[in-house]
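Visitor: This is the structure, below, for whatever I ask next.
The values are calculated or read from the model by the stated rules, or taken from the named source; none is laboratory data. This is a predicted model, so every value here is computed, not measured. As a convention, Cβ positions derive from the backbone with ideal geometry for all residues, glycine included, and neighbour counts pool all protein chains shown.
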Amino acid sequence: MYGSYDTSLVLLSVIISCLGVYATLGIADRMRALDNNPLTEKIWLSAGSLTLGTGIWAMHFIGMLAFTLKTAEDTSITVLYDLATTLCSVVPAILAGVIVVNIASRRTVNQKRLLFYGVLMGAGIGVMHYIGMMAMQSDKELIMLIDMTGFLVSVIVAAMLGITSLYANKVLSTDKYTRTKWAKIVSAITMGFAGAAMHYIAMSSTTFSLGNHSINDTDFLLNPQYLTLGISLAAFFIISLAIVVTVVDIRLEKAALSEQTSRTHTLAAIESIPNAFGLYDMQDNLIVCNNMYRNLMSTEHFKVKEGIHFKDLIQNLADNQLIFGTERGEEWIKDRLASHYNPKGDFIHHWKSDKWMQVSERRVWNVGTVAIHTDITELKHTEQELEQAMQKAQQAQLIAEQANTAKSAFLANMSHELRTPMNAIIGYSEMLLEEAEDLGQKDFIADLTKIRIAGKHLLDVINNILDISKIEAGKMEIYPENFDLTKAIHEIASTIQPLLDKKTNKLIIDIEDNIGTLYTDLTKVKQALFNLLSNANKFTDMGKINLTIYKIIDNGNGWILFSVKDTGIGMTAEQLDKVFEAFTQADNSTTRKYGGTGLGLTITKKFCNILGGSIEANSLVGQGSEFIIKLPTFYKKVTKKFMELEE
């Protein structure tokens, strides 16, 4: 007898085979993604094995239905199928499915095991095919002769194509983009053709003939119509499952790709953080960290990686004593764990490599703990340098204060020592001047007058230096008394009048009516006002000098204000800023033209301060100057600290 094939059914058998393999590989992918759940793995393994076994079995019997046997007289032979044998043929197909799902769901498989499983799969398909062929029956005895060469070729082809399919799936699945697009397709087509090739090669190596015996018992024989129904149901199951797996697979792949992209972006963002960053889950296992955190916490024999427990990490830090304080061992670990489990604020770790890290930990509800370590080494070094500089500055200030006190004491002593001989010089010059006038020795009068004037000037300078040194040394004594202010002002005016006459200046005094008395140091008030009037006269020619005295009430306290205003040369803003500095005048030309030591206004300001008052100045170039002294009507002892604040 000879046979012929229906091309459309042959094509359908190959498609069913490929779809079954594709659905099975999709199930294997899902198994690969499972998180070591044995029960779930068994369920998926059973589903995958049943899917592939059914697909191979359906392919085989669709191929058998596509095959028509005819006699030499071109008469078609009706082929029936033994029920028990047909059912038995499903078993090796399902076992082959178990092998395929097992190997495809593994993340790593060595080549020897891959070869072994491929041979088993090919053998399973071959056994299924020949058992299925044994189920063929007819109304007469059907004799099948199998050519051994063809048989071996069919089994080898099935095994080789199976191995190729599994290897392609393994190789192509290593790349996520290839796996998504081509891995299962290439593997499904290859393995689908493995089953189909095995079937049609085996059929081509089989010779059919009819015997002489008739078979009457057909109770347990399947009519092709029933077989067609079973195959249709199996095919529908395979196609439906393939569609479902494909749709689910696409969605899962998109979700996985989206998750991977999101994770990649998150990791990139974490790496861009300029601080060491670590995130721990609710069980304090490390979820993710950047390289800065990994390098900070790792040691030669301890590498920080995802999944490590926080306690193990700090145990390593304590064992290696990398941070100051870890010498306390278990006590340090206990404190560190407490601060990690219940963070209350930032703290600092000083590493023994002279690295300073500010640690900030925050508990995030239902997520875990975020740990950020900020490198503040440079800031700490700056603080240390600043602290050292401040200590040196304080020491220098103390030395300067001691030196200034010693200087003031020295000046006070020297000024006292200089005044005694200077008084003698002035006294003798006055005596010699009187004698020269009495004797009519006019040639000596001019020289003796110069000696007396120079001596008095030098004595004034010495007195000023003595006053400054006493104030700075804290030895200036205050002698407060109650005196009539109007009388004191007129005494000052009479003293300054000869100096005013020499410069042709006019003094105008304006005293508030019933101004009353003032309780303070009279001598220092007179000296302060004399200094101001003397300065006003010095820098004014043929002008006016106004001395105004009036009383005010400020915050419930009485104050006396003394205003000395002239129409002289005035001062610039720069000159006004340093007018009360010791040994300072406007410029060198001022010193040459007007003379003076630059101590008068300094002494005046210090007198005002120690008497509990103040002084201020206003001036414009070419329009004159005004100095205003403000003193309390009743003197109270002033502390040195108050004087420094006033200055």
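Visitor: Since M148 meets every condition but one in (1) more than 27 Å from L11 (Cβ to Cβ); (2) without any contact (Cβ under 8 Å) to a residue 12 or more places away in the chain; (3) touching a strand residue (DSSP E or B) at 6+ places or on another chain (Cβ under 7 Å), which condition does it not meet?
Guide: Only one criterion is unmet by M148, namely (3).
Visitor: I need the full set of residues from segment 576-599 which are at pLDDT 75 or above and closer than 24 Å to D460 by Cα, in order please.
Guide: Residues satisfying the conditions are K578, V579, F580, E581, L599.
Visitor: Before we move on, is L561 at pLDDT below 90, under 20 Å from F607 (Cα atoms) and not small (G, A, S)?
Guide: no
Visitor: Ok, one more. Exactly one condition in (1) touching a Ser or Thr at 6+ places or on another chain (Cβ under 8 Å); (2) closer than 22 Å to K605 by Cβ is false for T405; which is it?
Guide: Every condition holds for T405 apart from (1).
Visitor: In the set K506, K502, K526, K456, which member is farther than 22 Å from F627 by Cβ and surrounded by fewer than 18 Cβ atoms within 10 Å (Cβ to Cβ)?
Guide: Selected residue: K456, the only one of K506, K502, K526, K456 that is farther than 22 Å from F627 by Cβ and surrounded by fewer than 18 Cβ atoms within 10 Å (Cβ to Cβ).
Visitor: Please tell me if A409 is assigned to a helix (DSSP H, G or I), surrounded by 14 or more Cβ atoms within 10 Å (Cβ to Cβ) and of a type in the set (G, A, S).
Guide: Criteria met by A409.
Visitor: Now, a different point. Filtering segment 465-502 down to residues that are of a type in the set (A, V, I, L, M, F, W, C) and more than 22 Å from Y519 (Cα to Cα), which residue is modelled with the lowest pLDDT?
Guide: A473
Visitor: Looking only at segment 509-527, count how many residues are over 17 Å from T604 (Cα atoms) and part of a strand (DSSP E or B).
Guide: Qualifying residue count, segment 509-527: 6.
Visitor: While we're here: For T75, work out the one condition from (1) farther than 26 Å from Y22 by Cα; (2) buried (at least 19 other Cβ atoms within 10 Å of the Cβ) it doesn't fulfil.
Guide: Among (1) farther than 26 Å from Y22 by Cα; (2) buried (at least 19 other Cβ atoms within 10 Å of the Cβ), T75 violates only (2).
Visitor: Out of segment 112-150, which residues are assigned to a helix (DSSP H, G or I) and in contact with a Ser or Thr (Cβ under 6 Å, 6 or more places away or on another chain)?
Guide: Hits for segment 112-150 are M128, I131, G132, M134, G150.
Visitor: Does segment 322-381 hold any residues that are in contact with a strand residue (DSSP E or B) (Cβ under 9 Å, 6 or more places away or on another chain) and at positive phi, and which are they?
Guide: Within segment 322-381, G325, G345, G368 meet the criteria.
Visitor: Which residues, taken from segment 465-490, are part of a helix (DSSP H, G or I) and either touching a Lys or Arg at 6+ places or on another chain (Cβ under 7 Å) or on the phi > 0 side of the Ramachandran plot (or both)?
Guide: I471, A488
Visitor: Right, another one. If you go through segment 378-390 one residue at a time, do you hit one that is part of a loop (DSSP other than H, G, I, E, B) and acidic (D, E)?
Guide: As a first pass, look at segment 378-390 and keep what is part of a loop (DSSP other than H, G, I, E, B): none.
No - not one qualifying residue is present in segment 378-390.
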